[in-house]
1. Criterion first (out of contact with any strand residue (DSSP E or B) (no Cβ under 9 Å at 6 or more places or on another chain), over 12 Å from TYR66 (Cα atoms) and at pLDDT 95 or above) does LEU8 satisfy it?
2. Collect the residues in the range 33-58 that are part of a helix (DSSP H, G or I) and free of Cβ contacts under 8 Å to residues at least 24 places away in the same chain, keeping them in residue-number order.
3. When you check VAL45 against the structure, is it closer than 26 Å to ARG4 by Cα and either in contact with a helix residue (DSSP H, G or I) (Cβ under 9 Å, 6 or more places away or on another chain) or not hydroxyl-bearing (Ser, Thr, Tyr) (or both), yes or no?
4. Within the range 69-91, how many residues are surrounded by 11 or more Cβ atoms within 10 Å (Cβ to Cβ) and not aromatic (Phe, Trp, Tyr)?
5. Looking at this structure, is LEU40 of a type in the set (A, V, I, L, M) and under 15 Å from the mean Cα position of the chain (by Cα)?
6. Within the range 1-32, count every residue that is part of a helix (DSSP H, G or I), over 14 Å from the mean Cα position of the chain (by Cα) and farther than 30 Å from VAL92 by Cα.
7. Which residue out of PRO100, PRO6, PRO15 is touching a residue at least 40 places away in the same chain (Cβ under 8 Å) and at negative phi?
Amino acid sequence: MIERDPKLYRRLSKPFKTPADAESAVSAFFTRVAKLRKSLKMPNVVLIVEAEYEDGEVEKTVAAHYLMGDSLRHEMMLAYSLGQSRAKREDVMKALMGCPLDETKEQSA
């Protein structure tokens, strides 16, 4: 499991100077992941990325996705990821509200 690293997140959140710089970084990231996919033998990969860039005085976001492999599995993979993200967010909210995490699982049984 990857640990939270707020300092790294702040450093990575520094916006690119131009939209072209952000798009170039996203493209380079996808290219490197495509090479890793081959070398590590990962047949199906779904990526969603965001990068910030400066537009005058305003920071904007460019978002992109890249789907590799069996297109019939991509939607299922995204649905799985959405479910995992929602469950994690719900656990965080329950912890913030002081609810035992197992309590809701017992109630639904």
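The values are calculated or read from the model by the stated rules, or taken from the named source; none is laboratory data. Given the structure is predicted, the values throughout are model-derived calculations rather than measurements. No Cβ is skipped: glycine too gets one built from the backbone with ideal geometry, and neighbour counts run over all protein chains shown.
1. So LEU8 fails the test.
2. First pass over the range 33-58, keeping only residues part of a helix (DSSP H, G or I): 33-40.
Correct list: LYS35, LEU36, LYS38, SER39, LEU40.
3. Answer is yes for this residue.
4. 11
5. Criteria not met by LEU40.
6. 11
7. On the way: PRO100 fails: touching a residue at least 40 places away in the same chain (Cβ under 8 Å); PRO6 fails: touching a residue at least 40 places away in the same chain (Cβ under 8 Å).
Of PRO100, PRO6, PRO15, the one residue that is touching a residue at least 40 places away in the same chain (Cβ under 8 Å) and at negative phi is PRO15.
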